[in-house]
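Asker: Encoded as structure tokens, here's the structure I'll be asking about.
The values are calculated or read from the model by the stated rules, or taken from the named source; none is laboratory data. Please read these numbers as outputs of a predicted model, since none were measured by experiment. No Cβ is skipped: glycine too gets one built from the backbone with ideal geometry, and neighbour counts run over all protein chains shown.
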Amino acid sequence: MSAALRTGGGEPRSGREADRLAFASLAVRQPRRGYRFSLDSVLLADFAAPGCRGAVLDLGTGSGIVLLLLARLCPGLSRGVGVELQPELLECARANIEANGLSGRLAAILGDFRAKVPGAPAGAFDLVVSNPPYRPVGEGRRNPDPGKEIARHEVACTMAELFHAAARFLAPKGRIAVLGLPRRLPEMLALARDSGIFPERLRFVHPMPGRPANLLLFGGSRRRGEGPEVLPPLCVYAAPGRYSPDTEALFRGLLRK
């Protein structure tokens with residue numbers, strides 16, 4: 001990802017190996033095999049940060065990386081809760097919260113956010129974030145690793161279920177920030193409307209200049225506005241193997257916090 005991300009030594013835990021990483025001055029533990037966070041999570045945290053204050057909920061928190069970054073970026077974050085369905089990832093998230101001295105602000109709980117989750121009351125969160133699976137079941141090649149399959153395909157949660165859950169957890173003036181594929185924007189707009197969420201901000205992410213966008217950052221609010229603001233596009237790389245000035249600025253901002 002950048003010089004800010006370094007792979008450290010692994011150690012066995014609960015019969016599985018885990019990586020310990022240093023990223024943005026954070027200690028991050030994640031499974032050596034299965035789902036591992038990527039630049040997508042960093043882009044989501046950066047995008048969500050301007051609307052981050054009060055209570056924050058991360059749906060499908062994984063190893064907790066988005067919450068960890070938001071706690072660094074947002075002094076106004078008073079309480080962050082991550083909901084995770086997979087016990088191994090939940091264990092990593094809890095370990096990461098403790099290792100970074102954030103147990104007083106962050107917590108990770110086991111649950112399926114499509115239903116009631118003890119510790120995450122409805123209508124209680126000022127911001128809901130999620131880096132959900134991008135592809136419907138049946139699209140593209142399925143991954144034989146169950147953790148990666150859940151992260152990439154909608155086998156455990158559909159886009160519709162995500163928006164309905166976010167609407168249920170949001171406070172009356174709350175905001176949402178999620179990642180998706182650009183071609184699914186019409187679907188996201190329709191789901192937001194049906195869930196009582198008004199599109200507020202959009203940003204298209206391109207791998208390099210001249211390439212089509214391959215990610216979409218979607219921000220919405222419970223408050224009706226004038227329509228979504230389309231932010232300047234973000235190109236991740238300036239050339240193969242070299243980050244763009246915007247991406248480098250993003251990493252520098254994380255390291256300054």
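Asker: Just to verify a result, which residue in the stretch 196-221, among those that are crowded, with 18+ Cβ neighbours inside 10 Å and among the charged types (D, E, K, R), is farthest from Leu181 (Cα to Cα)?
Answerer: Across the stretch 196-221, the extreme among qualifying residues is Glu200.
Asker: For residues that are of a type in the set (Asp, Glu) and modelled with pLDDT of 90 or more, tally how many sit in the stretch 117-143.
Answerer: Going through the stretch 117-143, the residues of a type in the set (Asp, Glu) turn out to be 126, 139.
Add one more test, that the residue is modelled with pLDDT of 90 or more, and what stays is 126.
Number satisfying all stated conditions: 1.
Asker: Could you list, in sequence order, all residues of the stretch 90-116 that are within 24 Å of Gly220 (Cβ to Cβ), modelled with pLDDT under 95 and surrounded by 20 or more Cβ atoms within 10 Å (Cβ to Cβ)?
Answerer: Listed by number, the list holds a single entry, Phe113.
Asker: Of all residues in the stretch 192-250, which are out of contact with any strand residue (DSSP E or B) (no Cβ under 6 Å at 6 or more places or on another chain) and among the polar types (S, T, N, Q)?
Answerer: Of everything in the stretch 192-250, those that are out of contact with any strand residue (DSSP E or B) (no Cβ under 6 Å at 6 or more places or on another chain) and among the polar types (S, T, N, Q) turn out to be Ser195, Asn214, Thr247.
So that you can scan it fast, the table gives a plain yes or no per residue for (1) more than 13 Å from the chain's Cα centre (by Cα); (2) assigned to a strand (DSSP E or B); (3) farther than 14 Å from Gln30 by Cα; (4) touching a residue at least 24 places away in the same chain (Cβ under 8 Å):
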| site | (1), (2), (3), (4) |
| --- | --- |
| Leu68 | no, no, no, yes |
| Leu89 | yes, no, no, yes |
| Gly101 | yes, no, yes, no |
| Gly104 | yes, no, yes, no |
| Ala115 | yes, no, yes, no |
| Gly123 | yes, no, yes, yes |
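Asker: A further question follows. For the stretch 47-65, enumerate the residues that are part of a helix (DSSP H, G or I) and modelled with pLDDT under 95.
Answerer: First pass over the stretch 47-65, keeping only residues part of a helix (DSSP H, G or I): 47-51, 65.
Pro50, Gly51, Ile65 - these are the residues of the stretch 47-65 that are part of a helix (DSSP H, G or I) and modelled with pLDDT under 95.
Asker: Would you be able to tell me the number of residues in the stretch 222-245 that are part of a strand (DSSP E or B) and either in contact (Cβ under 8 Å) with a residue 60 or more places away in the chain or of a type in the set (Asp, Glu) (or both)?
Answerer: Residues of the stretch 222-245 that are part of a strand (DSSP E or B), as a first pass: 229-230, 234-235, 237-239, 242-243.
Imposing the further condition that a residue be either in contact (Cβ under 8 Å) with a residue 60 or more places away in the chain or of a type in the set (Asp, Glu) (or both) reduces the set to 229, 234, 243.
Of the residues in that region, 3 qualify.
Asker: Next question. Please state which one of Leu106, Leu69 is of a type outside the set (Gly, Ala, Ser) and in contact with a Gly (Cβ under 6 Å, 6 or more places away or on another chain).
Answerer: Values: Leu69 fails: in contact with a Gly (Cβ under 6 Å, 6 or more places away or on another chain).
Exactly one residue qualifies, and that residue is Leu106.
Asker: I'd like to know if the stretch 179-190 contains one or more residues that are more than 20 Å from the chain's Cα centre (by Cα) and either surrounded by fewer than 20 Cβ atoms within 10 Å (Cβ to Cβ) or at pLDDT below 95 (or both). Walk me through how you get there before you give the answer.
Answerer: Step one: of the stretch 179-190, the residues more than 20 Å from the chain's Cα centre (by Cα) are 186, 190.
Pick out the ones that are also either surrounded by fewer than 20 Cβ atoms within 10 Å (Cβ to Cβ) or at pLDDT below 95 (or both) and you get 186, 190.
Checked the stretch 179-190: at least one residue is more than 20 Å from the chain's Cα centre (by Cα) and either surrounded by fewer than 20 Cβ atoms within 10 Å (Cβ to Cβ) or at pLDDT below 95 (or both).
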